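Novice: Here it is, the structure in full.
Please treat every number below as a calculation from the coordinates, not as lab data. The structure presented is a predicted model; accordingly, all values stated were derived computationally and were not measured. Note that we place each Cβ from the backbone using ideal geometry, even for glycine, and neighbour counts take in every protein chain shown.
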């Protein structure tokens with residue numbers, strides 16, 4: 001009985017609600033890799049040193065030490081790359097899809113998953129122009145989407161925008177560090 005009570009208390013304290021899909025992954029892939037007619041997913045298995053370096057740079061340790069990088073092609077031409085990044089917040093996980101141009105700049109960002117609790121905050125942040133703030137960012141640059149919402153969205157939408165900033169920062173770091181070697 002004690003373990004059941006402990007689990008109930010833990011669930012109440014964390015108040016994490018179920019995850020909902022805001023945008024299906026195939027739809028995000030098509031939106032962020034326009035013109036692609038073929039897709040290639042490559043897993044990059046991180047060494048302990050690479051995983052540690054990524055953790056130091058953006059405070060992120062991908063699950064199982066594996067990154068999956070998607071490349072879109074139109075014939076023999078690469079139209080871009082894409083990463084799905086999960087960010088765990090006190091209110092539950094969100095998933096951010098970050099698309100890159102062939103030149104390595106952010107093409108676009110889509111929040112694909114959120115919890116029932118955070119969904120209204122995500123929708124408010126996106127409606128406030130959050131995802132537009134990331135276009136043209138390059139690896140090494142810091143996302144500032146949350147700062148751009150100051151005065152244009154509520155405090156909870158700004159909080160979730162900070163979590164999206166983390167996801168974009170992680171995608172930028174992973175792309176800049178690992179994609180170039182994985183695409184050859």
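Novice: Helix 48-58 versus the longest principal axis of the chain: what is the Cα-based angle in degrees, 0 to 90, to the nearest 10?
Specialist: The two axes meet at around 70 degrees.
Novice: Fewest to most neighbouring Cβ within 10 Å: what's the order for 159, 100? Mind showing how you got there, number by number?
Specialist: Working: 159 17, 100 28.
Ranked by crowding around the Cβ, least crowded first: 159, 100.
Novice: Between residue 53 and residue 156, what is the spin-label point distance in nm, taking each point 7 Å from the Cα along the Cα→C-beta axis?
Specialist: Spacing of the two 7 Å Cα→Cβ label points: 4.1 nm.
Novice: Going by how many other beta carbons lie within 10 Å of each one, how would you line up 110, 94, 160, 16, fewest first?
Specialist: Values: 110 21, 94 26, 160 30, 16 18.
Least crowded to most crowded, the residues run 16, 110, 94, 160.
Novice: For residue 74 and residue 61, compute 0.36 nm times the residue count separating them, minus their Cα-Cα distance, and round to one decimal in nm.
Specialist: Working: separation 13, 0.36 × 13 = 4.68 nm, distance 3.23 nm.
Result for the pair: 1.5 nm of gain on full extension.
Novice: Please work out the Cα center distance from the stretch 110-184 to the stretch 14-68, rounded to the nearest Å.
Specialist: 13
Novice: Helix-only mean residue ellipticity at 222 nm, the chain, DSSP H runs n ≥ 4 weighted -39,500 (n - 2.57), per residue, nearest 500. What is it? Display every interim value, and only then the final one.
Specialist: Working: 6 runs with 65 residues, N = 184.
Estimated from H runs of four or more residues: -10500 deg cm²/dmol.
Novice: Among 179, 134, 39, what is the fewest-to-most ranking by other Cβ atoms within 10 Å? It would help to have the intermediate numbers written out before the result.
Specialist: Numbers: 179 20, 134 27, 39 15.
Exposure proxy ranking, most exposed first: 39, 179, 134.
Novice: Taking Cα atoms, how many degrees apart are the long axis of helix 155-174 and the longest axis of the chain, rounded to 10 and kept between 0 and 90?
Specialist: 40
Novice: Nearest 10 degrees, 0 to 90: what angle lies between the long axis of helix 2-14 and the longest principal axis of the chain (Cα atoms)?
Specialist: Tilt relative to the chain: about 60 degrees.
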